[in-house]
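A short write-up of the structure that comes next.
The values are calculated or read from the model by the stated rules, or taken from the named source; none is laboratory data. What you see is a predicted model, and the numbers here were worked out from it, not measured in a lab. Because the Cβ atoms are built from the backbone with ideal geometry, glycine has one as well, and the counts that use them run over all protein chains shown.
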Amino acid sequence: MTLRLVTHLSEGQLRAHVDGELDVIGRQHLAACAGCQARLDALAARAGRVNDRLARLAPAADEPELAARPALARFKAYSAQHTRKENSMLNQLFGRRLRPAWGLAALVAVLAVSLSFPAVRAWAGQFLGLFRVQQITVLPVDTTRLSGLTGGETLGQQIGQIMSSSMTVTKEPGQPQVVADAAEASAIAGFTVRLPGAAPSAPQLTVQDGAAFYFVINREQAQALLDEAGHSELQLPASLDGAKIEVTIPAAVTAAYGNCPRPDAEETAHESISWEEMRTCLILAEIPSPTVNTPPDLDVQALAEIGLQLTGMTPQEARDFSQTVDWTSTLVVPIPRNGHEYGQVAVDGVTGNLIYRKTDDGFPAHYTLLWVRDGIIYGLSGFGEPDAGLALANSLK
Amino acid sequence: MTVTTSEARATSERRGGEALLKNVATDFEAIFLEHWPRVYGVLVRLVGDHAEAEDLALETFWRLYQRDDVRELNLGGWLYRVASNLGLNALRGGKRREKYELTAGRWEVENYGGADPAEVAAENEERRQVRQILQDMNPRQARLLLLRHSGLTYQELAAALGVKTSSIGALLARAEKEFEERWRIIDP
């Protein structure tokens with residue numbers, strides 16, 4: 001007696017046959033196998049039912065469709081409009097090469113999209129950045145009053161041009177480097193990297209190289225810009241002219257848990273991962289404080305007040321706020337006032353800041369924790385309620 | 001005007017990018033004209049609103065336009081992955097669509113004199129339920145069902161999902177099973 005081994009077709013092969021995608025050998029088997037034929041019929045019926053349901057989504061024949069040629073014309077207009085927008089201050093200021101160096105800001109931006117509007121961040125980088133960070137304060141900004149910064153692209157663009165034409169990069173940041181463990185990350189980044197003991201899985205660790213640059217301010221040009229933006233009441237201090245501002249950004253380390261976009265991916269690559277798929281993503285970023293050196297006679301508080309007024313504060317509000325802040329050691333993080341909750345929390349043995357945003361318009365609830373400990377800035381961003389993030393942050397070692 | 005080294009470099013990088021874009025401009029137009037109908041079609045099905053689908057399709061092509069590795073991309077796969085992702089995310093946003101469906105529903109009831117208003121309402125409800133299921137499903141499965149239904153071949157689907165062509169049958173069977181189970185919960 002001869003035993004013949006019969007391999008029936010898999011569900012996948014049968015389903016492929018429904019769409020005419022089964023190979024010859026599979027088709028030969030099917031022709032001779034009643035069992036497979038019966039399974040095929042069931043699968044084909046189900047595929048047909050699902051297809052009928054999906055067919056409900058087809059646009060009605062009399063609904064106007066946009067043909068390819070007119071669409072291309074619209075694309076050209078769309079593209080011209082976007083090119084202007086993208087040519088914003090942030091791009092002008094830091095360019096593609098320097099952007100990754102703002103590790104913390106870039107990472108927070110990926111997860112907390114709503115926190116990141118470039119003009120405000122770039123301003124924060126300039127006028128709030130004259131410091132070594134020892135503490136963090138969250139500043140809610142009324143976005144409806146930001147017309148001069150976010151609506152009028154020209155102001156941002158011109159500031160960017162002035163900055164970039166006077167900026168010299170003294171250390172180019174290299175490409176992000178994926179490393180195996182905390183020890184390797186610490187060795188490359190030059191500070192002790194701490195990881196949560198209570199983490200659900202091993203993280204993907206990345207070290208982003210540091211960067212350094214300086215720029216020299218031309219007061220006349222800067223004042224002309226303020227005047228043009230309708231803020232001639234704001235007078236820049238004379239000490240600003242010729243001031244050389246040196247910025248050093250140390251290497252940063254990120255630990256990504258769950259399903260996260262690759263940290264070294266360009267922003268345009270993030271579209272291949274949906275919010276739904278990112279729900280498990282949690283990113284911890286660590287960076288020693290960037291340092292900004294300014295001439296000793298620069299009136300930082302006066303500059304800060306001007307900056308605050310540009311974000312929509314009255315002179316009195318700006319003065320009041322400015323006096324509560326030590327501008328040499330406080331990183332002020334602007335967040336849009338609407339839709340965000342924020343407050344101070346005990347985290348990792350110090351007082352930190354929690355920024356939380358509830359589910360809105362399909363974007364899931366997400367949070368960012370920011371704190372400073374022993375000269376290192378920590379940022380942790382994730383989806384859902386912040387409890388899990390807090391527990392993780394509290395288990396750092 | 002004196003420019004610093006870094007600015008000169010940045011300018012030259014920008015110019016390099018622009019030159020490349022100009023070189024691929026003709027290619028880009030051909031790509032646009034070839035893929036627009038289907039990209040737009042996928043999005044209309046998904047979000048149900050022509051204006052929103054148009055915005056999302058333009059956004060999809062804009063992202064392609066910005067890339068400087070267009071020649072190396074698997075175009076079909078990339079375009080449909082991005083378009084369906086933008087569409088699914090928009091579907092979760094949903095406000096504009098609900099408004100559109102309400103308006104469209106009213107318009108249909110008011111203008112289709114001969115049609116039974118109850119029938120029109122039932123069709124609208126069914127459309128809403130199909131979208132709700134796609135929205136609730138695993139995004140990968142939703143994407144697969146939608147793109148297959150929009151006429152992508154197994155090869156194109158494999159490129160869009162980043163899997164082997166030989167896995168598509170099994171993935172489709174699983175997605176359809178999932179879709180039907182969810183449908184039964186809504187409409188036993």
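Summary of computed values
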{"quantity": "Residues within the stretch A:343-365 that are in a strand (DSSP E or B) and either among the aliphatic types (A, V, I, L, M) or at pLDDT 80 or above (or both), tallied", "calculated": "12"}
{"quantity": "Test: residue in the stretch A:24-42 that is at pLDDT 85 or above, at the interface with chain B (Cβ under 7 Å from one of its Cβ atoms), in contact with a Leu (Cβ under 7 Å, 6 or more places away or on another chain) and surrounded by 12 or more Cβ atoms within 10 Å (Cβ to Cβ)", "calculated": "no"}
{"quantity": "Residue in the stretch A:229-248 that is assigned to a loop (DSSP other than H, G, I, E, B) and surrounded by 20 or more Cβ atoms within 10 Å (Cβ to Cβ) present", "calculated": "no"}
{"quantity": "From the options A:53, A:84, A:49, residue that is in a helix (DSSP H, G or I), at pLDDT below 55 and either at the interface with chain B (Cβ under 10 Å from one of its Cβ atoms) or over 30 Å from residue B:176 (Cβ atoms) (or both)", "calculated": "A:84"}
{"quantity": "Residue list for the stretch B:1-56, filter: farther than 30 Å from residue A:213 by Cβ, modelled with pLDDT under 55 and facing chain A (nearest Cβ under 10 Å)", "calculated": "none"}
{"quantity": "Near pairs, Cβ below 6 angstrom, 6+ apart or cross-chain, from the stretch B:117-146 (more than 10 Å from chain A (Cβ to nearest Cβ)) to any residue that is surrounded by fewer than 19 Cβ atoms within 10 Å (Cβ to Cβ) and in a helix (DSSP H, G or I)", "calculated": "B:117/B:109; B:120/B:108; B:120/B:109; B:141/B:178"}
{"quantity": "Test: residue B:93 is at pLDDT below 75 and at the interface with another protein chain (Cβ under 7 Å from one of its Cβ atoms)", "calculated": "yes"}
{"quantity": "Residues of the stretch B:144-170 classified as among the charged types (D, E, K, R) and more than 19 Å from the chain's Cα centre (by Cα), total", "calculated": "1"}
